[in-house]
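Notes follow the structure.
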Amino acid sequence: MFSVHPTGDAAGRVICDRHRGPEATGARTRRSSRSRVRPGKAGRAVALSLLALVCTPAAAQTQAQMNQQAGAAYKQADAQMTQAWRALYAGMKKRDAADTSRGGGFGYAAAALASQRAWLPFRDKQCVLEGAEFAGGSLQSMAQLQCLTKVTRARTQQLKGMQWTK
């Protein structure tokens with residue numbers, strides 16, 4: 001049977017040992033086949049995952065570092081959205097120029113521009129609301145940045161979906 005027992009060394013650090021047998025814990029050595037649990041592959045995978053979590057120290061981060069990471073993620077998401085926006089807007093301008101049936105086109109580019117201009121304040125206000133859960137606290141700016149990233153990525157996908165091929 002596979003089991004893990006964290007123990008401490010002289011310095012107080014946690015060391016993970018595999019169970020060496022029932023004698024090491026003082027358990028009875030004779031067991032009935034019904035009481036013994038034999039984990040399958042999934043059980044072993046869970047046990048190994050837990051072992052890795054217990055025996056691996058977590059990387060310590062400060063709130064400032066987490067804010068910086070959230071800011072970098074938002075900056076990347078914003079750059080991707082800007083790229084998608086430019087491609088969409090250029091495509092809509094071409095579509096308008098090619099469509100002379102309505103005296104200068106349908107107005108795809110103008111509609112796209114109005115949509116984007118309306119979306120930007122929505123995004124900002126929405127994320128102020130989401131960050132308000134932590135108002136005045138150290139998590140507020142990180143929550144806002146995470147919201148900005150999430151909403152911006154969703155908008156990027158929306159813009160990409162509007163780039164019609166026909």
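The values are calculated or read from the model by the stated rules, or taken from the named source; none is laboratory data. Remember, it's a predicted structure, so these values are computed and weren't measured experimentally. Because the Cβ atoms are built from the backbone with ideal geometry, glycine has one as well, and the counts that use them run over all protein chains shown. Accessible surface is based on the protein model in full, side chains and every heavy atom, while ligands, DNA and RNA are left aside. Shrake-Rupley method; radii C 1.70, N 1.55, O 1.52, S 1.80 Å.
General remarks:
- Hey, Ser138 closer than 18 Å to Gln63 by Cβ and polar (S, T, N, Q) or not: yes
- Checked against the criterion of being more than 17 Å from the chain's Cα centre (by Cα) and on the phi > 0 side of the Ramachandran plot, segment 138-159 contains not a single residue that satisfies it.
- Contact annotation: residue pairs with Cβ atoms under 8 Å, 6 or more positions apart or on different chains, pairing a residue in segment 63-75 that is under 18 Å from Phe134 (Cα atoms) with a partner that is of a type in the set (A, V, I, L, M, F, W, C), are Gln63/Leu139; Gln63/Met142; Met66/Met142; Asn67/Met142; Asn67/Leu145; Ala70/Met142; Ala70/Leu145; Gly71/Leu145.
- Residues within segment 99-111 that are at pLDDT below 85 and either closer than 21 Å to Ala84 by Cα or open to solvent by 80 Å² or more (accessible area, probe 1.4 Å) (or both), tallied: 4
- Note on segment 153-166: among residues that are charged (D, E, K, R) and touching a residue at least 12 places away in the same chain (Cβ under 8 Å), the one that is surrounded by the most Cβ atoms within 10 Å (Cβ to Cβ) is Arg155.
- Which numbered condition Gly91 fails, given (1) open to solvent by less than 60 Å² (accessible area, probe 1.4 Å); (2) free of Cβ contacts under 8 Å to residues at least 40 places away in the same chain; (3) among the small types (Gly, Ala, Ser): (2)
Listed here are the residues, each with its yes/no results for (1) of a type in the set (Val, Ile, Thr); (2) surrounded by fewer than 15 Cβ atoms within 10 Å (Cβ to Cβ); (3) not in a loop (DSSP other than H, G, I, E, B).
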residue: Leu113; (1), (2), (3): no, no, yes
residue: Gln116; (1), (2), (3): no, no, yes
residue: Leu120; (1), (2), (3): no, yes, yes
residue: Lys125; (1), (2), (3): no, yes, yes
residue: Leu129; (1), (2), (3): no, yes, yes
residue: Ser138; (1), (2), (3): no, yes, no
residue: Val151; (1), (2), (3): yes, no, yes
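- Test: residue in segment 57-64 that is open to solvent by less than 60 Å² (accessible area, probe 1.4 Å) and either at pLDDT 95 or above or more than 20 Å from the chain's Cα centre (by Cα) (or both): no
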